[in-house]
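What follows is a single structure, written as structure tokens, with notes after it.
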Amino acid sequence: MRKILFFIFVTIIISGCGQFESVQDQSVQVASLELAPIRTLEQLDQYIQAGLVSDKIERIYCSGGTLRLVVYFGCAELVVATDGNERGSIERNGMKAYLAAHPELQLLPVAGASSGRDNPEALLALNTPPQLIIKADTGAGYDPDELTKRTGIPVLLIPMRGITVGREEFDYGLKLIGKALGKNNRADELINFFNSEINELKKRSQFIVTKNNTTTTATKKPTVYVGGVSYNGSYGFNSSESGYPPFDLVAAIDFLDKNKTDPILGNRHVLLAKEKIIEWNPDKLFVDLGTLALGQKNGITELKNDPAYQTLDAIKNDQVYTLLADTFYFVNHDAVLVNAWFVGKILYPEQFKDIDPKKKADEIFQFLVGKPVFNKLNKALQNLALEKISVKK
């Protein structure tokens, strides 16, 4: 009996030592971590455990268009610096709901140029340097490894995808920010909000028509085209996008979407020959108001003054409508939703008859940027947003 007890005692000691060594190895492994750009939740969690990333972030720098996402989290007050693209004229303010809601962000120090061209020296010279850099993971701008080494500040890299194409990566980016800022619940709320809006848009757009006791899916839809789409700058009416997200969300029949396999027309962003738009002669034209940043050379002015565009049936029939800037320094996810509701209202009035697009816009802005800023944006956009406009001579 004593031998058996002695054996059990020795086994427990040996087993316990093994567990201690295992825990000790893990501690050594965590302690030996070296800071590198963060791309995964697992990596972020390791760095927080090792004390390389604070578990209570109170100061951040937003680079490469990530500022809108931080505002979606209700964390504008944590931002101590931005990049140069977040400064601009009143007209440019009309392109970004997050700045309309939080104009104080434009008064913050600038610690880099646009598109991720960060300035390590400027970051370190701030009176209150950030504890975390939230940077767009696009491969452009200042190298994130070098930025980490030069500043000693953790760099959280966020995939800049959208709520249609690249949705999984978009959601993962929200989860990364939520984990870093202690806002996991808000990340879930944002993901659920986008899911709910998208599902409702698609449900209304994939409508069913009942006629003579026969139920069929409605296929008779007007054709559409959107011009003036921004992409690394502002353009005229011949600038468009294959898979334009607001069209995609309401199953609009876009000529560009019909040409996805075309090596040129199938590109996400495309500058079209004017003759191609005239050849297509869409039933309804939409103008992305990002074009207004061109001043007097904008897409609306082109439609009014170009005799070739004046031949389009949509212009003759007063079927020209305006949209918020869908893309302006990366994608405005809030504007994508707002535009989709407006396009749905125009294309399928019966299915969207209960929707006032401008009120819906403020509901979306209230949830995402914290304030109902449609009127503020609209004023900066010459009161043209979400309107039918006449451009015929």
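Worth a mention:
- Contact annotation: residue pairs with Cβ atoms under 8 Å, 6 or more positions apart or on different chains, pairing a residue in the range 95-113 that is within 14 Å of Y61 (Cα to Cα) with a partner that is among the small types (G, A, S) and in a helix (DSSP H, G or I), are L105/A76; P109/A122; V110/G84; V110/A122; A111/A122; G112/G84; G112/A122; A113/G84.
Residue-by-condition table, conditions (1) touching a residue at least 60 places away in the same chain (Cβ under 8 Å); (2) under 20 Å from the mean Cα position of the chain (by Cα); (3) not assigned by TED's automatic domain parsing to the domain that holds P307:
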| residue | (1), (2), (3) |
| --- | --- |
| K353 | no, no, no |
| F365 | yes, yes, no |
| G370 | yes, yes, no |
| N375 | no, no, no |
| Q382 | yes, no, no |
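- First in the range 44-66 and under 12 Å from D83 (Cα atoms), second anywhere and assigned to a loop (DSSP other than H, G, I, E, B) and aromatic (F, W, Y), Cβ under 7 Å, 6 or more apart: G65/Y329; G65/F330
- Restricting the range 182-198 to residues that are of a type in the set (D, E, K, R) and in a helix (DSSP H, G or I), the residue that is surrounded by the most Cβ atoms within 10 Å (Cβ to Cβ) is E197.
- Residue within the range 275-298 that is within 18 Å of K96 (Cβ to Cβ) and of a type in the set (S, T, Y) present: yes
- Condition met for A340 (modelled with pLDDT of 95 or more, farther than 23 Å from G162 by Cβ and not assigned by TED's automatic domain parsing to the domain that holds E86): no
- Residue, farthest from K393 (Cα to Cα), within the range 317-371, restricted to residues that are of a type in the set (S, T, N, Q) and part of a helix (DSSP H, G or I): Q366
- Residues satisfying the stated conditions in the range 134-164, i.e. in contact with a Leu (Cβ under 7 Å, 6 or more places away or on another chain) and among the basic types (K, R): K135
- Restricting the first member to the range 126-141 and to residues that are surrounded by 15 or more Cβ atoms within 10 Å (Cβ to Cβ), and the second to residues that are among the charged types (D, E, K, R), the beta-carbon pairs closer than 6 Å and six or more apart or on different chains are P130/R59; Q131/R59; G141/R117.
- Where helices (runs of 4 or more DSSP H) sit wholly within the range 108-181, those with at least 2 residues that are within 14 Å of the chain's Cα centre (by Cα) and closer than 17 Å to F73 by Cα occupy 167-181.
- The residue that is nearest to L124 (Cα to Cα), counting only those in the range 71-91 that are assigned to a loop (DSSP other than H, G, I, E, B) and at pLDDT 95 or above, is C75.
- Residue satisfying all of: in the range 268-277; surrounded by 16 or more Cβ atoms within 10 Å (Cβ to Cβ) and at pLDDT 90 or above; nearest to the chain's Cα centre (by Cα) among these: L272
Yes/no matrix, rows are residues, columns are (1) in a loop (DSSP other than H, G, I, E, B); (2) among the small types (G, A, S); (3) surrounded by 18 or more Cβ atoms within 10 Å (Cβ to Cβ); (4) at pLDDT below 90:
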| position | (1), (2), (3), (4) |
| --- | --- |
| K258 | no, no, no, yes |
| G266 | yes, yes, no, yes |
| P282 | yes, no, yes, no |
| L292 | no, no, yes, no |
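The values are calculated or read from the model by the stated rules, or taken from the named source; none is laboratory data. Remember, predicted model here, so these are calculated numbers, not experimental data. Please note: Cβ atoms are built from the backbone with ideal geometry, for glycine as well, and neighbour counts cover all protein chains shown.
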